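First up is the structure itself, then whatever we jot down about it.
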Amino acid sequence: MNADSLEERLSQIPPSERILLLPHCLRPSQSCPGKYNKQGLQCSKDCTEDCAIGHLRRMALHLGYKGVCIAPGGRLAVNYVKETHPEAIVAIACQKELEEGVHGVQQLSDSGRPAPVIAIVPLAKDGCVDTEVDEERAMEVIGLGCSLEPVKSGGR
Ligand code: SF4
């Protein structure tokens, strides 16, 4: 499937049927006040960091996404997909997570449900800690087919 038709398909799916998967390595490792639990990294309500996770998470929730998972690994991301049954996934991911997680999601179609549409935004700077993403591109993909104006700034 080429990128255009994939983005077209994503545009047809309402945000309430989409989830956003974010890699925890995007957080500022020295100053992030978030805490981990079984659902991944949980952002602190008091966080004031200028952080890509905060920006993208807030935008997705503002648009009405079904959920956002900040995953420390592909396996947790796959479990989140199994729990939430989205029709579409926007995933910000590095190569390792793509292999481990996105491949696992695609295999969910074997369990009787159609596999969700997966739109991937690769990391601009990889490396497992303090990674970076092209936020503008990520916001463009997250907002495909959505009518609300995205939230662009702020710590969370
Ligand atoms: S928004 Fe704040 S709490 Fe959430 S990942 Fe970024 S630095 Fe951590």
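Key figures
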{"item": "Residue pairs meeting the criteria (Cβ under 7 Å; at least 6 apart or on separate chains; first more than 17 Å from LEU20 (Cα to Cα), in the stretch 32-46; second among the hydroxyl-bearing types (Ser, Thr, Tyr))", "result": "PRO33/SER44; GLY34/SER44"}
{"item": "Test: residue in the stretch 56-71 that is out of contact with any helix residue (DSSP H, G or I) (no Cβ under 9 Å at 6 or more places or on another chain) and more than 26 Å from CYS146 (Cα to Cα)", "result": "no"}
{"item": "Hits in the stretch 106-124 (condition: within 25 Å of GLU140 (Cβ to Cβ) and modelled with pLDDT under 75)", "result": "GLN106"}
{"item": "Residue, nearest to the ligand (Cβ to nearest atom), within the stretch 12-62, restricted to residues that are loosely packed, with under 13 Cβ neighbours inside 10 Å and of a type in the set (Gly, Ala, Ser)", "result": "SER31"}
{"item": "Answer residue from the stretch 63-84, given it is part of a loop (DSSP other than H, G, I, E, B) and at pLDDT 95 or above and is nearest to the ligand (Cβ to nearest atom) among those", "result": "TYR65"}
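The values are calculated or read from the model by the stated rules, or taken from the named source; none is laboratory data. Model, not experiment: these values are computed from the prediction. Ideal geometry is used to build each Cβ from the backbone, glycine not excepted, and the neighbour counts take in all protein chains shown.
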